[in-house]
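This report concerns only the one structure given below.
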Amino acid sequence: MGVLANLNSTRVIILGSFLGAAVMGGLVYAQKMQLAELDEHLGPRGVPKLVTELQTSALELANLQRLADREQFKQRDDAELYGRTIASNQYVNIGSIDTKRSDNERVRGAIDSVITLTPPKGGKTAYTRDQISNFLYKLEADSRRVRVTRVLMRKDPADKTKPHEVGADRWTFDVDITIRQPKE
């Protein structure tokens, strides 16, 4: 009790300063050890390697963003609209089409959306082979995720040529496109 009785404000301040300095010294030592560890990992040989990795990653990101911006088909729900947009393209000039969608899970963790594209019932149903081939090309060329998986071409039913005659270049078609999406 004699020690506490002799404490005055000056001695309390000195004792508090001593304890504060000891705590601060421990914190400074911990920071110094962490800095030494970082210097060891990122020394003169580590920094250029890290910079090279960052630059490579940045270039990969820029390329992926450029591909994503160029991609016309962006979302899973746009698949039918995408097919209709391509059909009305100025180089395809097919016009309106009918679509039928079916989703199934052939591969675990992915959903395959199969969209069947056909000429509309009651409208223009026959097209030239170059219109159909341009349509098929544009479907795959304008999107990295869309694949043409089935094509069925039939001679125009209105064409009444005999088997030995050369008829008009008019065809009707059924096309299946498949879009594989990760399962949500």
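Where a number appears in this text, it was derived from the coordinates with a stated rule and is not lab data. Here the structure is a predicted model, which means the values were calculated and not measured. Positions of Cβ are backbone-derived with ideal geometry, glycine not excepted, and every protein chain shown enters the neighbour counts.
How big is the C-alpha Rg of the stretch 2-70 next to the rule-of-thumb value 2.2 N^0.38 Å, as a ratio?
In units of the 2.2 N^0.38 Å rule of thumb, it is 2.38.
Using 1/(1 + (r/R0)^6) with R0 = 25 angstrom and r between the beta carbons of residue 180 and residue 66, what's the FRET efficiency to the nearest 0.05? Kindly include the intermediate steps, with their values, before the conclusion.
Numbers: r = 22 Å, r/R0 = 0.88.
Taking R0 as 25 Å, the efficiency between residue 180 and residue 66 is 0.70.
Percent of Cα-Cα pairs per 5 Å bin, from 0 to the last occupied bin, for the chain, please list those.
In whole percents, the pair-distance histogram is 1, 6, 10, 11, 9, 7, 6, 5, 5, 4, 4, 4, 4, 4, 3, 3, 3, 3, 2, 2, 1, 1, 1, 0, 0, 0.
I'd like to verify something in the chain: which complete DSSP H helices, judged by Cα projection on the helix axis, reach 20 Å or more and average at least 1.6 on the Kyte-Doolittle scale? Don't jump to the answer; show the numbers that get you there.
Working: long enough: 9-41 (48 Å, 0.61); 46-70 (36 Å, -0.06).
Answer set is empty.
Between residue 39 and residue 7, what FRET efficiency follows from the Cβ-Cβ distance if R0 is 25 Å, with the result rounded to 0.05? Don't jump to the answer; show the numbers that get you there.
Numbers: r = 44 Å, r/R0 = 1.78.
So the FRET efficiency works out to roughly 0.05.
What percent does the relative contact order of the chain come to when contacts are Cα pairs within less than 8 Å and at least six residues apart?
RCO, the chain: 19 percent.
At 0.36 nm per residue, and after removing the present C-alpha to C-alpha distance, how many nm does the segment from residue 124 to residue 107 gain when stretched out fully?
On the way: separation 17, 0.36 × 17 = 6.12 nm, distance 3.72 nm.
That pair, residue 124 and residue 107, stretches by 2.4 nm at full extension.
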